[in-house]
Amino acid sequence: MLDYHLHLWPHGQRDEAPTLDQVAAYCERATAAGVSEIALTEHLFRFRQADRLLGGFWADEPDTALRESMRRYWDDHARADLDAYVSCVQSAQAAGLPVVLGLEVDYYRGRMQEVGDLLAGYPFDVLLGSVHWLGTWRFDDLADPVSLDGWRSRDVEAAWSQYAGAVEELAATGTCDVLAHPDLIKVAGHHPAAPEECWERLVEAAVSSAMAAELSSAGWRKPAAEAYPAPGLLERFVRRGVPLTTASDAHRLVEVADRSSDLAAQLGALGVTTLRGYRQRRPYEVPSTAPVVRSC
Ligand SMILES: [Zn+2]
Ligand SMILES: [Zn+2]
């Protein structure tokens, strides 16, 4: 098993300088849960380098509340130094820890070439592609009243369709390797009458871009109350031969490798025997054997 989606800092908490001890603790917890390799995948928008490139992307949002909410959120997050993050993970690798260098990258319409140029200057092993925002609406920020309000004023079918469109566009840019939490749009527990049409679009986006898809336990910790992707979507990914990673999307140590054995059980039921790992953006196969839980 893998845990290929990990953050160092919870939302709402300012970054602190990443340390080797912090990464070592993540590895220790993951290993104890039977995870053979982790990827640190902090959000791109956590870094000052992203602020210099993308800060103010919300400026033409006509809705004042959404615009201000995004400005505050961004200002709260874009504080860390990407170079320090990269060198911390490299130090962990040099110390022999089973960690690869990753990043979680949002979709910035019309700006992905510049994003790709920035990221090409760093030795990333794996890049996750994510859609958390539709325009400036942070549909998965359930702690923010303005974002939550968006669910009351929008049509669920339209939101799902818009989400699938953003994933299609992100995948087509070829910027990232793995489609993170593929059906994140269900986060708040809102589902269309027939999700299959949207699922087909997500599967096609992965197939046509040769991206892997992530099986994440994070959905179990949200109102959606099921893994990302939903069982029916996971089954479609598998049927179409889309490679898979597994992930917790932990934002703190106690969540690392969360419900790894439940993810393994889902994979086992579908006959999946291999996962996809990455080194320097090149894929390789990892056995998806059930985790052996050890006490530590
Ligand atoms: Zn995410
Ligand atoms: Zn994440």
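A search for C-beta distances below 6 Å between a residue of segment 244-261 that is closer than 13 Å to Cys27 by Cβ and any residue that is among the charged types (D, E, K, R) and within 16 Å of ligand 1 (Cβ to nearest atom), counting only pairs 6+ apart in sequence or on different chains, returns Ala257/Asp3.
On the given criteria, is Arg14 farther than 22 Å from Asp262 by Cβ, open to solvent by less than 20 Å² (accessible area, probe 1.4 Å) and not β-branched (Val, Ile, Thr)?
Considered against the rule, which asks whether it is farther than 22 Å from Asp262 by Cβ, open to solvent by less than 20 Å² (accessible area, probe 1.4 Å) and not β-branched (Val, Ile, Thr), Arg14 comes out as no.
Evaluated against (1) outside any loop (DSSP other than H, G, I, E, B); (2) more than 15 Å from ligand 1 (Cβ to nearest atom), Gly189 falls short on exactly one condition, (1). Of note, Glu196 satisfies the criterion of being closer than 21 Å to Arg154 by Cα, modelled with pLDDT of 95 or more, of a type in the set (Asp, Glu) and away from ligand 2 (no atom under 15 Å from the Cβ). On the basis of being within 18 Å of Asp106 (Cα to Cα) and assigned to a helix (DSSP H, G or I), does Ala206 make the cut? Yes, satisfied.
Going residue by residue through segment 169-179, is there one that turns out to be more than 30 Å from Ile38 (Cβ to Cβ), more than 15 Å from ligand 2 (Cβ to nearest atom), surrounded by 20 or more Cβ atoms within 10 Å (Cβ to Cβ) and at pLDDT 95 or above? No, there is no match, as no residue in segment 169-179 is more than 30 Å from Ile38 (Cβ to Cβ), more than 15 Å from ligand 2 (Cβ to nearest atom), surrounded by 20 or more Cβ atoms within 10 Å (Cβ to Cβ) and at pLDDT 95 or above. If you filter segment 121-147 down to residues that are open to solvent by 10 Å² or more (accessible area, probe 1.4 Å), of a type in the set (Gly, Ala, Ser) and under 19 Å from the mean Cα position of the chain (by Cα), you find that the one that is farthest from ligand 2 (Cβ to nearest atom) is Gly135.
Of the residues Leu6, Leu53, the single one that is of a type in the set (A, V, I, L, M, F, W, C) and open to solvent by less than 20 Å² (accessible area, probe 1.4 Å) is Leu6. Filtering Thr31, Thr64 for residues that are open to solvent by 10 Å² or more (accessible area, probe 1.4 Å), more than 30 Å from Val146 (Cα to Cα), away from ligand 1 (no atom under 16 Å from the Cβ) and modelled with pLDDT of 95 or more leaves a single hit, Thr31. For segment 218-255, the set of residues classified as away from ligand 2 (no atom under 12 Å from the Cβ) and of a type in the set (S, T, N, Q) consists of Thr245, Thr246, listed by residue number. Flag not set for His181, criterion: over 30 Å from Leu118 (Cα atoms) and either touching a Pro at 6+ places or on another chain (Cβ under 7 Å) or of a type outside the set (S, T, N, Q) (or both). Filtered by the rule that a residue be of a type in the set (A, V, I, L, M, F, W, C) and assigned to a loop (DSSP other than H, G, I, E, B), segment 236-294 gives Val242, Val256, Ala257, Leu270, Val272, Ala290, Val292, Val293. The residue pairs whose first member lies in segment 217-233 and is in a strand (DSSP E or B), whose second member is surrounded by 16 or more Cβ atoms within 10 Å (Cβ to Cβ) and of a type in the set (S, T, N, Q), and whose beta carbons are closer than 6 Å, counting only pairs six or more residues apart or on different chains, are Tyr228/Ser216. Taking the criterion of being within 16 Å of ligand 1 (Cβ to nearest atom) and of a type in the set (S, T, N, Q), the residues of segment 113-163 that qualify are Ser130, Ser147. Give segment 27-60 a look and list any residue that's among the basic types (Lys, Arg) and within 16 Å of ligand 2 (Cβ to nearest atom), or say none. Once the filter is applied, which keeps residues that are among the basic types (Lys, Arg) and within 16 Å of ligand 2 (Cβ to nearest atom), segment 27-60 yields only Arg46. For Ala194, are the conditions met, namely being more than 16 Å from ligand 1 (Cβ to nearest atom), free of Cβ contacts under 8 Å to residues at least 24 places away in the same chain, surrounded by fewer than 20 Cβ atoms within 10 Å (Cβ to Cβ) and not acidic (Asp, Glu)? Criteria met by Ala194.
The values are calculated or read from the model by the stated rules, or taken from the named source; none is laboratory data. Given the structure is predicted, the values throughout are model-derived calculations rather than measurements. FYI the Cβ positions are ideal-geometry reconstructions off the backbone, even for glycines, and counts take in every protein chain you see. For the accessible areas, the whole protein counts, side chains as well, though only heavy atoms, and no ligand, DNA or RNA atoms are used. Shrake-Rupley method; radii C 1.70, N 1.55, O 1.52, S 1.80 Å.
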